[in-house]
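What follows is one structure encoded as structure tokens, with my remarks underneath.
The values are calculated or read from the model by the stated rules, or taken from the named source; none is laboratory data. Here the structure is a predicted model, which means the values were calculated and not measured. Using ideal geometry, Cβ is built from the backbone for each residue, glycine included, and neighbour counts are taken over all protein chains shown. All accessible areas refer to the heavy atoms of the entire protein, side chains included, with ligands and DNA or RNA removed. Shrake-Rupley method; radii C 1.70, N 1.55, O 1.52, S 1.80 Å.
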Amino acid sequence: MNETQKFNLNENIPTLFHTILALTWLLAACTSTPKIQKVETSMLELNAKTTEPTDSSFIKTVLPYKTKMDSIMNAVLGTSEQALLKGLPEGTLGDFVADAVLKKTNDAYHPADKLPADICLLNNGGLRSQLPKGKITLGNVFELMPFENEIVILTLSGEKTKQLFESLIENNGAPFSGATVKGKGKKMTELKIGGKDFDITKNYKVVTSDYLAGGGDKYSFFSAPIKVDTLSYKLRDAIVDYIKDETKKGNTIKVAIDGRIKYE
């Protein structure tokens, strides 16, 4: 094909347009059922010419609230010696959050039987951000835990507790505290709670969120617990309080993977 035989798109656009228009009309004429006959698209470039100018009065109204909010969210709660990261079957972020929530729950939990919570179990999906190395601000914790979920303490039978840890092994872990568990493949081979061998005849108290207690994230082993205790204490507030406590003690945040879940 030489140059003169090549299809010239620019010259043939009117012809193509009229052909498409005729076909559209023909298709419309051949049917009595209303149908979409034509779809038009266009591209709008967003720039200074196509967008409305900034509303200075709006910015002036909002600015004091933004300034106040920034000062609250930028408040430093403590310092971490490392970035805390999610991971499976175990991660530094999951270990830190589960340990912090279990500790602060038991600080605030004063049941009639005077027995503390044994375990904390959360989910990786509920950890929406990771924590940085260095200064940890209130805003960092809000990014980590943006939801308003509250802490719930469930008393579970030994059988339900066993199902909980079997699920952990089958699903390659989740953030938990207060126990160690081993598995081979998808089968649990060893479980210790509070450093003691698991006893299926005992009841165990499990700290979790109200979302997970309701069966969220397919945590079906939480259904029909023996007892439910609430504290009106948010997960996020427990994390904030834990970091503040460590700072008051002169401690920085330092988390090591401790092998609380292992596979043989």
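Brief remarks on what is shown
- Average accessible area per residue (Å²) across the chain - probe 1.4 Å, nucleic acids and ligands excluded: 63
- Per-peptide average of other Cβ atoms within 10 Å, ordering 196-208, 73-85 highest first: 196-208, 73-85
- Three-way shape call for region 199-264 based on the alpha-carbon gyration tensor, with the a/c threshold at 1.5: oblate
- Gaussian network model of the chain, springs between alpha carbon atoms under 10 Å - residue of Thr54, Thr247, Thr92 with greatest fluctuation: Thr54
- Distance between modelled label sites at Asp70 and Lys135, nm, 7 Å Cα→Cβ extension: 1.3
- Prolate/oblate/rounded label for region 181-224 (Cα gyration tensor, a/c 1.5): oblate
- Fully extending the segment from Lys202 to Thr41 would add 51.3 nm, taking 0.36 nm per residue of separation and subtracting the current Cα-Cα distance.
- In order through region 219-229: 3J(HN,Hα) via Karplus (6.51 cos²θ - 1.76 cosθ + 1.60), integer Hz, x for Gly, Pro: 7, 5, 5, 7, 5, 6, x, 5, 7, 10, 10
- Peptides 162-174, 103-115 ranked from most to least packed give 162-174, 103-115, packing being the mean of other C-beta atoms within 10 angstrom over each peptide's residues.
- Rounded to 0.05, the FRET efficiency of the Ser56 and Val228 pair, given R0 = 45 Å and the Cβ-Cβ distance, is 0.30.
- Three-way shape call for the chain based on the alpha-carbon gyration tensor, with the a/c threshold at 1.5: prolate
- Summarising the amide proton neighbourhood of Ala179: residues at separation of 5 or more, or on other chains, whose placed amide H is nearer than 5 Å comprise Gly194.
- The angle between the Cα long axis of helix 9-29 and the main principal axis of the chain comes to about 80°, on a 0 to 90 degree scale.
- If R0 equals 30 Å, the separation of the Cβ atoms of Asp245 and Glu148 corresponds to a calculated FRET efficiency of about 0.85.
- With Cα atoms, 0 to 90° folded angle of helix 158-170 axis to the chain main axis: 40
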